[in-house]
Amino acid sequence: MSDQPVTERRNFYGRVHGKTLRASQKQYLAEDLGKLRLRGVTVEENPARAPLDVVGLFRERPLWLEVGFGGGEHLVHMAARYPEVEIVGCEPFVNGVAMLLGKIRAAGVENLRIHPGDVRDLFDVLPDGVVAKCFLNYPDPWPKARHHRRRFVTPGYLGALARVMRPGAEFRVATDIPDYVRQTLEEVPPAGFDLVARHGAGEAWDDWISTRYEHKALREGRQPHYLTFRRKV
Ligand SMILES: C[S@@+](CC[C@H](N)C(=O)[O-])C[C@H]1O[C@@H](n2cnc3c(N)ncnc32)[C@H](O)[C@@H]1O
């Protein structure tokens, strides 16, 4: 199969392509994505949805996951800060994947793998209890009430996330949307998580790095919220 980012057959409502890629970004996609892309995640490569060999793939190291990494600044920052873990980032937006690849070249990190598609593809093929930490930074807000069911913090996504997370593993959510905070606090605990911390602007996690969407939110006068959950033991 091609090493171009893929989209899957399931409903994905976000953008997959943005403005025209720069020549350098096309080069990163052509030269680097093939090496960094996680194999066996797409339906085309793994139609039987056989579980990934997580131990072999990730060298018996803790596996972390970032959902919707956008331009990849947080993902690369975490990979550089925690060289002893392996981090997988999922992002269907091709321009975001290209931006991440540029940052990986600049940072020289080697503990990061990419699924250039929907995180649900990965949920399908991860064994139970293997993810030791998960980041959900500025998920798509879907502000209209009739679209709230598209949010990540709904039972379909959260049930799948709970299954793949290790008991006691941390799940971090950052958002600038008060109604997203409300829904997160309502939906995440029944999926099998305990709320352990809730902070506001200026009180992010010690190892946090601000993302493109956080910058945008602050510029537009919206305040960050940082929620920390733990998978029930
Ligand atoms: C508002 S942006 C935030 C990007 C980045 N985390 C940040 O803070 O700058 C949300 C991102 O989530 C991605 N996304 C939405 N649904 C997703 C899914 N099912 N799997 C993986 N990524 C998804 C979108 O493509 C988009 O890039």
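The values are calculated or read from the model by the stated rules, or taken from the named source; none is laboratory data. In this text, all values refer to a predicted model and were calculated from it rather than measured experimentally. Counting neighbours? That spans all protein chains shown, and the Cβs are built from the backbone with ideal geometry, glycine included.
Against the definition (in contact with a Leu (Cβ under 6 Å, 6 or more places away or on another chain) and away from the ligand (no atom under 16 Å from the Cβ)), how does R198 come out, yes or no? In short, yes. Counting only residues that are aliphatic (A, V, I, L, M) and under 23 Å from Y13 (Cα atoms), segment 64-96 holds 5 of them. Within the option set G56, G34, G40, being over 26 Å from D128 (Cα atoms) and surrounded by fewer than 16 Cβ atoms within 10 Å (Cβ to Cβ) holds for one residue only, G34. All of (1) of a type in the set (A, V, I, L, M); (2) within 12 Å of the ligand (Cβ to nearest atom); (3) assigned to a helix (DSSP H, G or I) hold for L158 with one exception: (2). Considering segment 3-43, and only residues there that are small (G, A, S), under 23 Å from L126 (Cβ atoms) and not in a helix (DSSP H, G or I), the residue that is modelled with the lowest pLDDT turns out to be G14. Listed by first and then second residue, the pairs with beta-carbon distance under 6 Å, at least 6 apart or on different chains, first residue in segment 91-102 and touching a residue at least 12 places away in the same chain (Cβ under 8 Å), second assigned to a helix (DSSP H, G or I), are E91/V97; A98/Q25; A98/Y28; A98/L29; L101/Y28; L101/D32; G102/Y28.
If you go through segment 106-145 and keep only what is among the acidic types (D, E) and assigned to a loop (DSSP other than H, G, I, E, B), you end up with E110, D118, D128, D140. The residue pairs whose first member lies in segment 1-25 and is acidic (D, E), whose second member is at pLDDT 70 or above and within 11 Å of the ligand (Cβ to nearest atom), and whose beta carbons are closer than 7 Å, counting only pairs six or more residues apart or on different chains, are E8/G117; E8/D118; E8/D121. Checking each residue in segment 161-194 for being touching a Ser or Thr at 6+ places or on another chain (Cβ under 9 Å) and outside any helix (DSSP H, G or I) picks out E170, F171, R172, V173, A174, T175. Could you tell me how many of the residues in segment 26-55 are aliphatic (A, V, I, L, M) and closer than 22 Å to A98 by Cα? Qualifying residue count, segment 26-55: 6. Inside segment 59-105, residues that are part of a loop (DSSP other than H, G, I, E, B), under 17 Å from D207 (Cβ atoms) and within 10 Å of the ligand (Cβ to nearest atom) make up a count of 2.
Screening W208 against (1) surrounded by fewer than 18 Cβ atoms within 10 Å (Cβ to Cβ); (2) within 16 Å of the ligand (Cβ to nearest atom); (3) of a type in the set (A, V, I, L, M, F, W, C) leaves a single unmet condition, (1).
Count of segment 151-163 residues, restricted to those that are buried (at least 18 other Cβ atoms within 10 Å of the Cβ) and either modelled with pLDDT under 95 or not hydroxyl-bearing (S, T, Y) (or both), is 6.
Might you check whether a residue that is out of contact with any helix residue (DSSP H, G or I) (no Cβ under 9 Å at 6 or more places or on another chain) and either surrounded by fewer than 15 Cβ atoms within 10 Å (Cβ to Cβ) or hydrophobic (A, V, I, L, M, F, W, C) (or both) occurs anywhere in segment 66-78? The answer is yes, given that some residue of segment 66-78 is out of contact with any helix residue (DSSP H, G or I) (no Cβ under 9 Å at 6 or more places or on another chain) and either surrounded by fewer than 15 Cβ atoms within 10 Å (Cβ to Cβ) or hydrophobic (A, V, I, L, M, F, W, C) (or both).
Scanning segment 111-140 for residues that are near the ligand (Cβ under 10 Å from one of its atoms) and surrounded by fewer than 19 Cβ atoms within 10 Å (Cβ to Cβ) gives R120, D140. A residue that is closer than 22 Å to Y13 by Cβ, modelled with pLDDT of 95 or more and not acidic (D, E) can be found somewhere in segment 221-230.
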